[in-house]
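Here is the structure we will look at, set down as C-alpha cells.
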C-alpha cells in the first residue's frame, strides 16, 4: 500500500512539474508573440510616416522635373500598394518596391541640379532621411523580436509545448532586396592626356 502512495505522489509531482513547465513556456511564447506584434506596430507607424511624406516630396520634385512621369507613377503605385497591404509579409514586399521607387526620385537630383537648392526639397529630403533611420531601427527591433521568438519555440521542450499550444515559427523578417545586395558600380571619367 505504501509503494502505491509513493508512486501516486511521484506521478502527481511529475504532472505538476510538467504542467508548470508547460504553463511557463506558453506564457513566455504569448509574451514574445505580443512583442513581435508591438514591434510590428512601430514599423507600421514609421512606414506610414514615410508614405505620408512621399506625396509632398513628389509634388516638390514634380515642379522641377515634370517630364519624369514614369518615376512619379511608380512612386504613386508603390505607395498605394504599401497603404493597401494588410499582413506584415505584404507590407514588407510593398515596402521593398517603394524603396526602389524612392531611389529613382532621389536620383533625379543628379539630372535636375536646381532641386538641390530647393528649400522644400531639402527639408523633405532631411525628413525622409530621418524617417528612413527610424524605419531601420524599428525593422531591426522587429527582426530581433522574431528571432528571439523563433529561437525560444525551437528549443526543447518548448518546441513540444509550442506545437501543443498552436505556436508556429514566424518568418516575416525584413530582408535586403536583391538589388541592394549588388555592389554598385562607380565609374570615373577617363583622365585627359
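Computed from the coordinates by the stated procedures, all read-outs in this text should not be read as laboratory data. Source: prediction; values computed, not measured. All Cβ positions, even for glycine, are placed from backbone atoms using ideal geometry, and neighbour counts span all protein chains on display.
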message: Testing the spin-label approximation: label points 7 Å from Cα along Cα→Cβ at residue 5 and residue 23. State their distance in nm.
response: 2.6
task: Sum -39500 (n - 2.57) across every DSSP H segment of at least 4 residues in the chain, then divide by the residue count to get the 222 nm mean residue ellipticity, nearest 500.
output: -27500 deg cm²/dmol
statement: Going fewest to most other Cβ atoms within 10 Å around each Cβ, 102, 122, 128 line up as 122, 128, 102
task: Give the residues of region 43-71 whose amide nitrogen is closer than 20 Å to a point set 7 Å from the Cα of residue 123 in the direction of its Cβ.
output: 49-65
query: So which residue, out of 120, 38, 20, gets the largest mean-square fluctuation from a GNM of the chain using Cα contacts under 10 Å as springs?
result: 20
- request: Taking the Cβ of each residue in 1, 83 as the centre, tally the other Cβ atoms inside 10 Å and list the residues starting with the fewest.
  value: 1, 83
task: Taking the chain as the reference, fit the longest principal axis to its C-alpha atoms, fit the long axis of helix 2-64 to the helix C-alpha atoms, and give the angle between the two in degrees, 0 to 90, nearest 10.
output: 10
field: Extension reserve of the residue 48-residue 156 stretch, reckoned as 0.36 nm per residue once the Cα distance is removed
entry: 35.0 nm
query: What label, among (1) 14.0; (2) 16.3; (3) 10.5, belongs to mean projected area of the Cα convex hull in nm² computed from the structure on display?
result: (2)
- line: Most exposed first, judged by fewest Cβ atoms within 10 angstrom, 169, 134 run 169, 134
statement: In degrees rounded to 10, the 0-90 angle between helix 88-111 Cα long axis and the longest Cα principal axis of the chain is 20
statement: Residue span residue 106 to residue 171: 0.36 nm per residue of separation minus Cα-Cα distance leaves a gain in nm of 20.3 nm
statement: Largest fluctuation, 146, 92, 17 only, Gaussian network model of the chain with Cα springs under 10 angstrom, belongs to 17
- request: Quote to one decimal, in nm, the extra length available between residue 31 and residue 56 on full extension: 0.36 nm per residue of separation minus the C-alpha distance between them.
  value: 5.1 nm
- line: Reduced to Cα centres, the span from region 103-134 to region 19-98 in Å works out to 20
